[in-house]
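The values are calculated or read from the model by the stated rules, or taken from the named source; none is laboratory data. From a predicted model like this one, the values you see are computed outputs, not experimental measurements. Cβ placement follows ideal geometry from the backbone for every residue including glycine, while neighbour counts extend to all protein chains displayed. Heavy atoms of the whole protein, side chains included, go into the accessibility calculation; ligands, DNA and RNA do not. Shrake-Rupley method; radii C 1.70, N 1.55, O 1.52, S 1.80 Å.
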Amino acid sequence: MPELNWMGDKQARRAERCVAYRLLETVEEVGEAGSGNLLVQGDNLEALKSLLPLYAGRVKCVFIDPPYNTKSAFEHYDDNLEHSQWLSMMCPRLLLLRELLAEDGSIWVTIDDNEGHYLKVLMDEVFGRANFMANIVWQKRTSRENRAAIGSAHDHLLLYAKGGVGVWKDVRNLLPPNDAGYANPDNDPRGEWRSIPFSAQGFRPNQMYRIRTPSGDWLDPPKGRCWGATEEVFKSYLADKRVYFPNGGSSRPRIKQFRTDEKGLVPMTWWTSDFAGDNEAAKKEALALTSENEAFGTPKPEELLSRVIAIATNPGELVLDSFLGSGTTAAVAHKMGRRWIGIEMGAHARTHCLPRLRKVVEGEQGGISQIVGWQGGGGFRFARLGEPVFDVDGRINPSVRFAPLAAFLWFTQTHVSHATGAFDSPLLGIHGDTAIALLYNGILGDRRPQGGNVLTHAVWEQLRALAPLHAGPWLVFGEACRLQPATLKRHGIVFRQIPYEIGLR
């Protein structure tokens, strides 16, 4: 597969490995506790790395609206990065987002023509060209820009599915059906119906038969088309009284589609402003929420996000936006009953995103609120990036508590997030046939220096009692080991010393 090359590309592809793991420090809880929603203030590359232990493979939908690199000045973003810098900024973030996506998840990225075609090639490389689903064209404005050589009226929305089309087609949702045209002129006991054409594009030999109408005429398929199914299927439709011949039985057959059979519409790649809103609608939404309507020059409308989230997720599933901007993705996900994670850098995570999402919890009625019947409720945790787990000399930061270290240790050993995310025992869990344990920070209740952090005979008996039926090997991390090699071998224990053998960087 072709690979995109730019100045600094090799470093960019390795950059996420060098990002230090930082703790997430809770600043405040808004609304109901334990909602699973999270607003993070901090650099999104570092924040994504910190989310891996608990969320790897669990995000159903990623939506990001990154800086477009348009050579324009924005208050909160440097959107004038040199081309190679922009690619180097995007590459490691996409790599981390791929790790966070569920196998049946999808990523949607808005972009314009300045970097859109380069981004397509980069995403082919990161997510796999076969996993490209669509380039959706969104009509972002309806007014004409007379100052431009050619006015830009659309953005791209690149869509990739981590598991490919076969997996994603089975889990993605259809759009609501069009209810127009249903009636029951023949009092069919199955209820209201509307007719759809019984023809299809192209030429298929087994669908090129002749059909006799009730008036006695013989009809061929329309020119350049074939019938919509084989003759055997058509006869089954006739037997089921699903075939409708207009104009007194003299016109080409149509098929009855009953309202109860309507499952929805397959999404298409052309999204008009009537379907998904536009930038002007988004600015009006922002103006209704804050007086600082110039904080974000090109916000996305709630209607656009509602279309993405409705197609890509179901209630309760997790949506992530690591370029949260004005907070639209999180606001819409919250109103639609999804869990969400939003990441924003700088002070405006507190001054813009936090107030907006607080208003959502309180029941604000802008955007899609009335469409979805939003009345308020739920909550979220507002957190910021804390200290790195390791200091500059490679030692574990004294402020690190057991649970955050356990979460990342579990991830580095298993490459999956923890089933529950709860770490309140030295036995972190059993992965495959191996029990993984961490002796750190007095987790066994002994707060003396080195107490409970050293693998001794007594500590081993306590560990074994936590999984008495486990007959497989043990992987134990601790400050030191007092057991002899023969004892370790007899019990199937592999000991690794912290911090030297954790590999958190």
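Here are a few things to note about the model shown:
- Against the chain, whose longest principal axis is taken from its Cα atoms, helix 279-289 shows a tilt of about 50°.
- Each eigenvalue of the Cα gyration tensor of segment 35-188, multiplied by 5 and square-rooted, gives one semi-axis; in descending order these are 31, 25, 15 Å.
- Helix 83-100 axis, angle to the chain major axis (alpha carbon atoms, nearest 10°): 80 degrees
- Restricting the calculation to Cα atoms, the chain shows an Rg/Rh of 1.08 when the hydrodynamic-style radius is the Kirkwood one.
- Value of [θ]222 nm, deg cm²/dmol, for the chain, DSSP H segments ≥ 4, -39500 (n - 2.57) each, nearest 500: -8000 deg cm²/dmol
- Taking the square roots of five times each eigenvalue of the Cα gyration tensor of segment 182-320, the equivalent ellipsoid has semi-axes of 46, 17, 15 Å, listed largest first.
- Rounded accessible area of residue 235 (nearest 10 Å², 1.4 Å probe): 120 Å²
- Along its first, second and third principal axes, ordered by size, segment 312-434 spans 50, 35, 23 Å in Cα coordinates.
- Here's the picture: charge each Lys and Arg Cβ at +1 and each Asp and Glu Cβ at -1 in segment 110-220, and of 207, 136, 110 the one pushed furthest to the positive end of that dipole is 207.
- Cα-based helix-to-principal-axis angle, 402-414 vs the chain, degrees rounded to 10: 60 degrees
- Charge dipole (debye, nearest 20) of the chain; +1 at Cβ of Lys and Arg, -1 at Cβ of Asp and Glu: 1260 debye
- The percentage of C-alpha pairs in segment 140-243 whose separation is greater than 16 Å is 77%.
- With Rh defined as the Kirkwood radius, the inverse of the mean 1/r over Cα pairs, the Rg/Rh of segment 298-351 is 0.97.
- Relative contact order for the chain, counting Cα pairs under 8 Å that sit 6 or more residues apart, in percent: 20 percent
- Per residue, in Å², the accessible surface of segment 125-245 once ligands and nucleic acids are set aside, probe 1.4 Å: 62 Å²
- Projected label distance in nm at residue 112 and residue 223, using a 7 Å step from Cα toward the beta-carbon: 4.5 nm
- Measuring against 30 Å, Cα to Cα, the residue pairs 10/300; 49/263; 169/223; 162/256; 300/359 contain 10/300; 49/263; 169/223; 162/256 as the ones spanning a longer distance.
- Counting 0.36 nm for each residue step from residue 275 to residue 230 and taking away their Cα separation leaves a gain of 12.7 nm.
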